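Step one of this worksheet: look at the structure below.
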Amino acid sequence: MRKPVKKNYHLEPDSKYSSLLVAGFINKIMKDGKKAIAQKIVYGSLEELEKKTKKSALEALDQAIENAGPQVEIRSRRVGGANYQVPYEVKGDRKTTLALRWIINAARSGKGRPMQQKLTEELLNAFNNSGSAVKKKEDTHKMANANRAFAHFAW
């Protein structure tokens with residue numbers, strides 16, 4: 001039986017950049033409801049990113065997310081008693097969500113420095129098409145490419 005489609009909730013733009021993307025980014029960084037700390041981390045990181053890239057913070061963030069977002073992903077599909085890894089095209093919101101998730105997880109995995117520094121570094125790496133999040137995207141693309149023979153199982 002299929003899972004029900006998840007309802008999208010209404011998100012308010014953030015106060016500094018008036019951007020829904022930044023507001024979602026803050027919410028993904030937030031832990032235990034501590035939004036003020038998450039805002040401090042994200043805003044500080046975006047300001048540093050702006051200084052290092054010589055572009056506006058929103059442009060740099062968009063470019064980093066574009067570079068880290070996958071075009072295709074693989075999902076398991078059970079056909080006739082066998083499980084196949086079937087490649088699927090990634091739609092807009094999911095692409096952004098995966099890119100943000102991978103960037104944040106890559107930043108959190110680095111130890112020994114403040115989160116703001118790690119996040120800035122990971123965003124800068126994604127902006128320059130390098131780093132853990134972009135590597136994860138490339139690995140996903142390789143897996144999808146290797147399993148493209150099963151694309152006819154997509155529904």
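The values are calculated or read from the model by the stated rules, or taken from the named source; none is laboratory data. Bear in mind the structure is a predicted one, so any value in this text is a computation, not a measurement. Neighbour counts run over all protein chains shown; Cβ positions are idealised from the backbone, glycine included.
Selection over the stretch 13-27 of residues that are in a helix (DSSP H, G or I) and surrounded by fewer than 16 Cβ atoms within 10 Å (Cβ to Cβ) gives a count of 2. Cβ-Cβ contacts under 9 Å between residues 6 or more apart (or on different chains), taken from a first residue in the stretch 71-83 that is within 19 Å of residue 142 (Cβ to Cβ) to a second residue that is basic (Lys, Arg) and loosely packed, with under 12 Cβ neighbours inside 10 Å, are absent.
Quick check, is residue 49 touching a residue at least 60 places away in the same chain (Cβ under 8 Å), not hydroxyl-bearing (Ser, Thr, Tyr) and not in a loop (DSSP other than H, G, I, E, B)?
yes
Listed by first and then second residue, the pairs with beta-carbon distance under 6 Å, at least 6 apart or on different chains, first residue in the stretch 100-121 and touching a residue at least 40 places away in the same chain (Cβ under 8 Å) and of a type in the set (D, E, K, R), second crowded, with 21+ Cβ neighbours inside 10 Å and not in a helix (DSSP H, G or I), form an empty list.
The set of residues in the stretch 56-110 that are assigned to a strand (DSSP E or B) and of a type in the set (Val, Ile, Thr) comprises 72, 74, 79, 86.
Conditions (1) within 13 Å of residue 21 (Cβ to Cβ); (2) hydroxyl-bearing (Ser, Thr, Tyr), marked per residue:
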| residue | (1), (2) |
| --- | --- |
| 57 | yes, no |
| 69 | yes, no |
| 72 | no, no |
| 84 | no, yes |
| 87 | no, no |
| 100 | yes, no |
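Just one of 36, 99 is among the small types (Gly, Ala, Ser), buried (at least 16 other Cβ atoms within 10 Å of the Cβ) and closer than 26 Å to residue 15 by Cβ; which is it?
Exactly one of 36, 99 is among the small types (Gly, Ala, Ser), buried (at least 16 other Cβ atoms within 10 Å of the Cβ) and closer than 26 Å to residue 15 by Cβ, namely 99.
For residue 99, the criteria (1) over 30 Å from residue 149 (Cα atoms); (2) at pLDDT 95 or above; (3) among the aliphatic types (A, V, I, L, M) hold in every case but one, which is (1).
Taking the stretch 115-132 as the range and being under 12 Å from the mean Cα position of the chain (by Cα) and more than 21 Å from residue 56 (Cβ to Cβ) as the test, only 132 passes.
Here residue 67 passes the criteria (1) polar (S, T, N, Q); (2) touching a strand residue (DSSP E or B) at 6+ places or on another chain (Cβ under 6 Å); (3) under 25 Å from residue 13 (Cβ atoms) except the one numbered (2).
Does residue 40 satisfy being out of contact with any His (no Cβ under 6 Å at 6 or more places or on another chain) and part of a loop (DSSP other than H, G, I, E, B)? For residue 40, the condition - out of contact with any His (no Cβ under 6 Å at 6 or more places or on another chain) and part of a loop (DSSP other than H, G, I, E, B) - is not met. Which numbered condition in (1) under 10 Å from the mean Cα position of the chain (by Cα); (2) modelled with pLDDT under 95; (3) buried (at least 19 other Cβ atoms within 10 Å of the Cβ) is the only one that residue 94 fails? Single failed check for residue 94: (3). Being buried (at least 20 other Cβ atoms within 10 Å of the Cβ), outside any loop (DSSP other than H, G, I, E, B), on the phi < 0 side of the Ramachandran plot and in contact with a strand residue (DSSP E or B) (Cβ under 9 Å, 6 or more places away or on another chain), is that true of even one residue in the stretch 133-153? Checking the stretch 133-153: at least one residue is buried (at least 20 other Cβ atoms within 10 Å of the Cβ), outside any loop (DSSP other than H, G, I, E, B), on the phi < 0 side of the Ramachandran plot and in contact with a strand residue (DSSP E or B) (Cβ under 9 Å, 6 or more places away or on another chain).
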